1. Among the residues of region 68-77, how many are part of a loop (DSSP other than H, G, I, E, B) and exposed (fewer than 15 other Cβ atoms within 10 Å of the Cβ)?
2. Any residue in region 71-91 that is within 13 Å of the chain's Cα centre (by Cα) and polar (S, T, N, Q)?
3. Taking the options I102, I131, I117, name whichever one is part of a loop (DSSP other than H, G, I, E, B) and open to solvent by less than 10 Å² (accessible area, probe 1.4 Å).
4. Taking region 134-162, which residues are of a type in the set (S, T, N, Q), surrounded by 17 or more Cβ atoms within 10 Å (Cβ to Cβ) and outside any helix (DSSP H, G or I)?
5. Any idea how many residues of region 40-67 are modelled with pLDDT of 95 or more and in a helix (DSSP H, G or I)?
6. Return only the number of the condition from (1) in contact with a Ser or Thr (Cβ under 9 Å, 6 or more places away or on another chain); (2) of a type outside the set (K, R); (3) assigned to a helix (DSSP H, G or I); (4) under 22 Å from E9 (Cβ atoms) that D91 does not satisfy.
7. Among the residues of region 105-144, which ones are hydrophobic (A, V, I, L, M, F, W, C) and under 30 Å from G2 (Cβ atoms)?
Amino acid sequence: MGEERVKEEALQLIGMFQLLPRWVRRSKRETPSLYPHAKGILYALKDKRINLAIASRSPTADTANTFLDKLSIKSMFVTKEIFFSCKNKTDHFRRIQSRTGIPFNSMLFFDDEDWNIEAVRMASKMGVTSIYVDNGVNLRELRRGLTQFTENQNASDKNQRK
């Protein structure tokens, strides 16, 4: 599926949801690549004015930034929290929240490491909607993430009304 087709399908998918999030290890000489649907989804999210951020535990921030440049997507992100941490990504999210002012419960997080998902999920004060993805974000995972985000928002609204 081509990048433009994925973008169009992602825009249709995003359009089905009223509640949307406000924020989502090699040599520098290598040619980086994205999962097949990733770039189209990133463009669709940007078209909907959804802020994007990076939370990466990479021990080589310079390599990660070089890859972002090579992929021509570095400018798509409002903040890039790329630093090594032996812990999970909760520190990354605290920095993202501090830099953007976006509440944790308005964030949607995709990760391919289950322990990062569980750690962010277990940090109950955060309220970040966290989605584990095996093979990167694709249209199916985007739908699952937006559905879970909406359910979390609706549950939060109900709790606030009590």
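The values are calculated or read from the model by the stated rules, or taken from the named source; none is laboratory data. Note that the structure is a prediction, hence the values are computed from the model and not measured. Note: ideal-geometry Cβ built from the backbone for every residue, glycine included; neighbour counts use all protein chains shown. Keep in mind that these areas ignore ligands, DNA and RNA; they rest on the heavy atoms of the full protein, side chains included. Shrake-Rupley method; radii C 1.70, N 1.55, O 1.52, S 1.80 Å.
1. 1
2. Yes, region 71-91 contains at least one residue that is within 13 Å of the chain's Cα centre (by Cα) and polar (S, T, N, Q).
3. Residue meeting the stated conditions: I102.
4. The answer is N138, and nothing else.
5. Total satisfying the criteria: 8.
6. (4)
7. Pass one, region 105-144, residues hydrophobic (A, V, I, L, M, F, W, C): 107-110, 115, 117, 119-120, 122-123, 126, 128, 131, 133, 137, 139, 142.
Within region 105-144, M107, L108, F109, F110, I117, I131, V133, V137, L139, L142 qualify.
Each row is one residue, and each column tells you yes or no for (1) exposed (fewer than 14 other Cβ atoms within 10 Å of the Cβ); (2) in a loop (DSSP other than H, G, I, E, B); (3) out of contact with any Gly (no Cβ under 6 Å at 6 or more places or on another chain).
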{"position": "R5", "(1), (2), (3)": "yes, no, yes"}
{"position": "L13", "(1), (2), (3)": "no, no, yes"}
{"position": "R22", "(1), (2), (3)": "no, yes, yes"}
{"position": "E30", "(1), (2), (3)": "yes, yes, yes"}
{"position": "Y35", "(1), (2), (3)": "no, yes, no"}
